[in-house]
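Data first, discussion second: the structure below is written as C-alpha cells.
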Amino acid sequence: MNKILLISAIILSIILSTKIVSAQEADSTAHQFFRNQYGLLVDLQPLEPESWNGIISFRSKDKTYRLWLDNRVYIDGAYFFDNNTYNAIGNGLTVRRARFAVKATLHNNWYGEIDLDFAGSEVEMKDMIIGYNFSLNKDGFLKNVKIKAGNFKETFSMEYTTTSRYLTFIERSLTKTFVPGRTLGLQTQMNSNRFFLGAGVSFNDVGDSEVTAWSKDNNKKRGMDEGYSVTGRLVGYPIINDNSVLHIGVAASYRTPKTSWEISDGYRYSTRSLTSINRKKYLDTDDISNVESLRLIGFELAGAYKNFMFQSEYMMQRVSGTSLNKSGQNAANFDGAYIQAAWLIFGGHYRYNTAEAEFTQISRGQTWGDIELAVRYDYISLNDFDAKVYGGGANGFTIGTNYYVNSNVKIMLNYSLLDHDRYANGKGKLYTGYDSNGNLTKDWSKIDTSEGAPGEKFGFVALRLEVDF
C-alpha cells in the first residue's frame with residue numbers, strides 16, 4: 001500500500017509540474033502568475049514536451065528548466081546446465097530492474113534527481129542527488145567542474161559507473177564484489193578533452209532498509225561514529241576522435257568501518273555468480289573480524305575503433321586490522337580482473353562520454369538496429385590463507401549477443417561458464433566436493449582431490465528484455 005501511495009505521489013507531482021503546458025494554448029510567450037498551494041504568487045511559464053532519443057522530456061522556452069523521466073524495465077530469465085553440479089540450481093524468470101526516476105535541471109546550473117527501484121517487490125533508493133554544474137559557465141577555471149551531494153555511485157571502476165542500460169553483458173563481472181556501491185556523500189569531478197578527474201568523500205550506505213537498520217543499531221547500541229570513505233579516479237584519453245578512443249585510468253579508495261556494516265568492526269565480501277536468478281552466493285568470506293580499514297586500487301585500460309571495442313580492469317583489495325579472524329595477521333589481500341571485447345556487426349559505432357570517462361549508448365549501423373557480438377573473461381580470489389579467510393575463487397567465461405532494436409529497446413543473450421574452487425562453499429552452506437568416503441561435503445578441508453579438482457562448475461544461458469523510456 002505504501003509503495004502504491006509513493007508511486008501515485010510521484011506521478012501526481014509530475015502531472016502537476018507539467019500541466020502548465022496547457023497554458024500555451026492561451027499565450028505561448030507571456031508569463032502568467034498564479035498562487036501556489038502555499039499562497040505565494042508564482043510565475044507560471046509553459047513547458048514544451050520533447051523526446052530526447054525516446055526519453056520523455058519537458059523544457060521551458062528559455063531552456064533554463066528541464067524535467068524528464070528516466071525509467072527502465074529489465075525482464076531476465078536463465079536456464080542452468082546443472083546435471084553434474086553438487087548443488088541443485090533453479091531455473092527461472094525475474095524482474096531484474098524496475099526503475100522509476102525523475103530528473104531536472106533548474107535555473108541552468110542546478111540539478112536534482114530521484115531514482116527508485118521497485119524490483120523484488122521492494123522499494124530501494126538508488127540515486128538521490130542535488131548537483132551544481134559549473135560547466136554551463138562560459139569562462140573561468142571552473143567551467144568543466146561539477147559537484148554533487150546525496151546518494152550516488154562513488155567514482156570507482158569504469159564498468160560499475162557505467163549505467164546498466166549501456167552494459168555489454170547482462171551482469172557486471174565478478175570484480176563488482178570489490179567496487180564501492182552507492183553511498184551518501186559529496187563528490188566533485190572535472191574533465192577536459194584529454195582527462196577526467198573525480199574525487200569524493202562518502203559515508204553510509206542508505207539504499208535499503210537492512211543497512212539502514214544496521215546503522216541505527218550501531219549508533220544506538222555502540223555510540224559508533226558513522227565512518228567515512230575517500231575515493232578518487234583519474235582517467236586520461238590520449239587518443240580521442242570521432243572514430244577511436246584510448247582510455248587509461250586508475251582509481252583508489254580508503255575506507256574506515258561504517259555503521260552500515262552488519263558487524264561494526266567486521267567486513268564481508270560476497271557475490272552471486274554472474275546472474276540474479278541463481279540466488280546462491282558461492283563466493284563469500286563471511287564477516288572478517290577486527291577490521292580497521294580497507295584499501296582498494298583499480299587500473300583501467302579500454303579502447304574503441306569504429307565498431308570494435310575492448311575494456312579491462314584489474315583490482316586489488318587490502319583489508320587491514322589487528323589479528324584478522326584471530327589469525328595473527330594484520331592484513332588480508334584479494335584481487336580480481338576482467339577483460340572483454342565486442343564487435344558491432346552491421347556498421348554501428350562505439351561512443352565515448354568524456355564527461356564520465358566511460359562508454360555510452362552505441363550508434364546503430366542500420367535503420368532496423370544493430371547486432372553486437374561480445375566475449376569476456378573474469379576472475380576473482382577471496383582467499384587469504386594466512387589471514388584465515390576462505391571466501392573462494394572463481395573464473396568466468398561469457399559470450400554474448402545483443403540486438404539493439406532502437407534507442408529504447410535492447411535484447412540480450414548470454415552464455416556463461418563458471419568454475420569455482422573448493423573454498424567457494426557459501427561460508428559453509430554449499431557442497432564443493434566429495435570426501436574420502438564418497439559423500440558430498442561442505443567442508444573444503446575434507447575434500448578428496450584424487451578424482452579431480454573440486455569446486456562447483458556450471459554453465460547457463462541468460463536472456464534479457466530491456467526497455468528504457
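A short reminder: the numbers here are calculations on the coordinates, not readings from a lab. Because the structure is a prediction, the values reported are computed rather than measured. Please note: Cβ atoms are built from the backbone with ideal geometry, for glycine as well, and neighbour counts cover all protein chains shown.
Remarks
- Of the chymotrypsin sites (Phe, Trp or Tyr not before Pro) found in segment 335-419, the ones in coil according to DSSP and having at most 14 other Cβ atoms within 10 Å of their Cβ are 346, 368, 385.
- Counting neighbouring beta carbons within 10 Å and listing from fewest to most, the residues 270, 157 come out as 270, 157.
- Chain lengthening between residue 217 and residue 95 when straightened (0.36 nm per residue, less Cα-Cα): 40.8 nm
- Euclidean distance between Cα centres, segment 108-132 to segment 380-438, Å: 30 Å
- The C-alpha atoms of the chain define a longest principal axis, and helix 2-18 lies at about 30 degrees to it.
- Subtracting the Cα-Cα distance of residue 435 and residue 293 from their residue separation scaled by 0.36 nm leaves 47.4 nm.
- Loop sites in segment 210-317: GluC sites (Glu not before Pro), DSSP, at most 14 other Cβ within 10 Å: 262
- The relative contact order of the chain, computed from alpha carbon pairs under 8 Å that lie at least 6 residues apart in sequence, is 12 percent.
- Around the Cα centre of the chain, unit charges on the Cβ atoms of Lys, Arg, Asp and Glu (plus for the first two, minus for the last two) sum to a dipole of about 580 debye.
- The Cα atoms of segment 29-136 cover 72, 31, 26 Å along the three principal axes, with the biggest extent listed first.
- Each other residue within a Cβ distance under 12 Å of residue 400 adds +1 if Lys or Arg and -1 if Asp or Glu, for a net charge of +1.
- Between residue 397 and residue 194, full extension at 0.36 nm per residue minus the direct alpha carbon distance yields a gain of 69.8 nm.
- Pairs spanning more than 29 Å between alpha-carbon atoms, out of 126/388; 176/258; 153/429; 126/216: 126/388; 153/429.
- Taking other Cβ atoms within 10 Å as a rough exposure proxy, 179, 73, 42 sort from fewest to most as 42, 73, 179.
- Largest-first principal axis extents of the Cα set of segment 357-465 (Å): 62, 31, 21
- Stokes-Einstein diffusion of segment 178-270 at 10 °C, 1.306 mPa s viscosity, Kirkwood radius from Cα pairs, rounded to a whole number: 105 µm²/s.
- Per-residue ellipticity at 222 nm from helix content only, as computed over the chain with -39500 (n - 2.57) for each DSSP H run of at least four residues, stands at -2500 deg cm²/dmol.
- Sparse-neighbour loop sites [trypsin sites (Lys or Arg not before Pro); segment 386-454; at most 13 other C-beta within 10 Å; DSSP]: 429
- Separation of the residue 346 and residue 84 label points, Cα + 7 Å toward Cβ, nm: 3.8 nm
- From the coordinates shown, mean projected area of the Cα convex hull in nm² corresponds to which of (i) 26.6; (ii) 37.3; (iii) 22.9: (i)
- Calculated FRET value between residue 56 and residue 164, using beta carbons and R₀ = 25 Å, to 0.05: 0.80
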